[in-house]
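The values are calculated or read from the model by the stated rules, or taken from the named source; none is laboratory data. Because the structure is predicted, anything quoted here is derived from the model rather than measured. Backbone-built Cβ (ideal geometry, glycine too); neighbour counts: all protein chains shown. Keep in mind that these areas ignore ligands, DNA and RNA; they rest on the heavy atoms of the full protein, side chains included. Shrake-Rupley method; radii C 1.70, N 1.55, O 1.52, S 1.80 Å.
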Amino acid sequence: MTFIVGATVLTSIVLTGLVLLRYGNMRVAGKYPLGMFPFVAVLFCSGLDIAIITYPLTEFPIYEEDAAYSFASPIAIEIGFWGFIIWSFYFLTAFYFLCIEPRLKLFEILWIKVINNFVVMATCAFGGYVLLTSLPSYFPGLPDWSPIVITAIVIIVACYSASDIIFMKWLSICSMYGFFALIVGMWFNSGGDVVLLGQTLGEASEYIVNIYRFILPLGEYHEFYLLWWFAWSIMIGQFMSKFATPTSVRMLFVMMVIFPSIPLSIWFSVLYIYHSGGIEISPTWNLAMMTIGIVFVINTFDSLIRLYTDSLNLTTERLGRGKFIGGNFAIMAGLTAAYAFLGLKMEYVGLTVIFIYGVVYFNILRNRQTVFTNLNCPEVEGESEQEKMA
C-alpha cells in the first residue's frame, strides 16, 4: 500500500507541474463563480474539518519522539502533513472537473457515479466521527451519552444548512472570520509575543526546505494522512470547480494551494507556542476551539451533502425539505456510527479514490487526442443560483 500511495502522490505532483507549464495562462471559471475571498473561504472551510482544531496539540509530542520526523521541527512536520503538496491535490482535481470532465463525462457513467458518491458520503461522515471522538478529551466531564447527542445535533444542523444554497457562502465567510478571531485571541492569550511568533514561523519554514521528504509516506501515520487527503481531493475538486473564480489556471493554483496554507501555518504556530511553552489551555478557550471546530464540521457536511445530493438528484426541490433533512441525517449518522462501531476506516476510502484516479488517468491517455485538442474551460453559464449566492 505504501508504494501505491507514494506513486499516486508523485504522479499528482508531476501532473500539477505539467498543467501549470502547459495551461497556466488558460482562463477558467466555474458554473456559479464566486469572488476571490468567498471562493477561498468556501475552499478552506469545506476542505478541512474539526481535525485542524483538535489534532495538532496531540501530534506535536508524536513528532518530537518519533525518529522518522527528526529532520525538522514538529511545527514544520505538522505543516507538512497539512500544507502545500496536499492542497495541490485539490487544485489538480478542480482542473480536471473544470476542463477535462466536460469532455470525458466519466463521472456520468453509472458505476463510477455510484462509487464516487459513496466516497463523498463516507468522507463527509468521517468528520462526524472525528467530532464524536474528540469531544470527551476537550470536555472530560461530559456524560458518556453527550458526544453522541452533540454530534447528532451538528449533523441535523448541517443537513438543514445544505437544504438551501444561500447558506453556504455566508457560512463559509463567517467561519473564516471566526477562525481568524480564534487565532488572534489564542495568540494574545499566550502572551501576544510578536518575536516568539516570528521565531515559531521561522521553525515552520523548515517545511519548505524539506518539502521533498513529504512526497513519499514517512510512516504509517503519514500514510494515513495521505490517504485521508486523497479521499477528500476528488470531491473537493469536484465541488470547488463549480464556484471557481474567473481567472487563469496559474492564479487558481495560488488560490487553492498558497492562500489556504498561510492561515494554516499561522494557526499551527500559535498552537505550537502553547505546546513548547507548556501553556495550559483554559476551559473557555477549549470551548472556543471546539465551537469553531463544530462550525467547520457543519461547513464540511453542508458542502459534501450538497455535492452528492445534486449528483444523485436527491435535492430539496425534488424531495421537500423534511425528507431531504431526514434522509441525509440517516445516511450521515449511519456512516458515522460505521466508523465508530463497525470498523469502517478512512484508509479504505482513500484507496478507493486512488482507484478512481487510475480509471481517470487511463481514460485520459486512451482519449488523449479528444481531451487535449483545443482544450479550454467551458463558458460560464449565467445561472440563477449564482444570484442566490451573491
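Structural remarks
- Just one residue in the set V42, V9, V28 is open to solvent by less than 10 Å² (accessible area, probe 1.4 Å), touching a Cys at 6+ places or on another chain (Cβ under 8 Å) and not polar (S, T, N, Q); that residue is V28.
- Members of segment 332-348 that are assigned to a helix (DSSP H, G or I), of a type outside the set (D, E, K, R) and within 19 Å of T133 (Cα to Cα): M332, A333, G334, L335, T336, A337, A338, Y339, A340, F341, M346
- Residue within segment 118-125 that is closer than 21 Å to M289 by Cα, outside any loop (DSSP other than H, G, I, E, B) and open to solvent by 10 Å² or more (accessible area, probe 1.4 Å) present: no
- Residue among Y221, Y177, Y160 that is within 27 Å of N299 (Cα to Cα), out of contact with any Leu (no Cβ under 7 Å at 6 or more places or on another chain) and at pLDDT 90 or above: Y221
- Residues within segment 18-49 that are at pLDDT below 90 and of a type in the set (S, T, Y), tallied: 2
- Complete set of residues in segment 175-215 that are in a loop (DSSP other than H, G, I, E, B) and buried (at least 18 other Cβ atoms within 10 Å of the Cβ): S190
- Within segment 349-390, the residues that satisfy the criterion of being in a loop (DSSP other than H, G, I, E, B) and either modelled with pLDDT of 80 or more or at negative phi (or both) are N367, T373, L375, N376, C377, P378, E379, V380, E381, G382, E383, A390.
- Within segment 25-45, residues that are within 19 Å of I234 (Cβ to Cβ) reach partners that are among the β-branched types (V, I, T) and in a helix (DSSP H, G or I) with beta carbons closer than 7 Å, at six or more positions or on different chains, in the pairs V28/V249.
- Residue count for segment 137-158, restricted to those that are surrounded by 14 or more Cβ atoms within 10 Å (Cβ to Cβ) and more than 15 Å from I331 (Cα to Cα): 5
- Reported count of residues in segment 188-210, each being closer than 13 Å to S265 by Cβ and not acidic (D, E), is 9.
- Selection count where residues are outside any helix (DSSP H, G or I), farther than 17 Å from M289 by Cβ and more than 21 Å from the chain's Cα centre (by Cα), scope segment 139-162: 3
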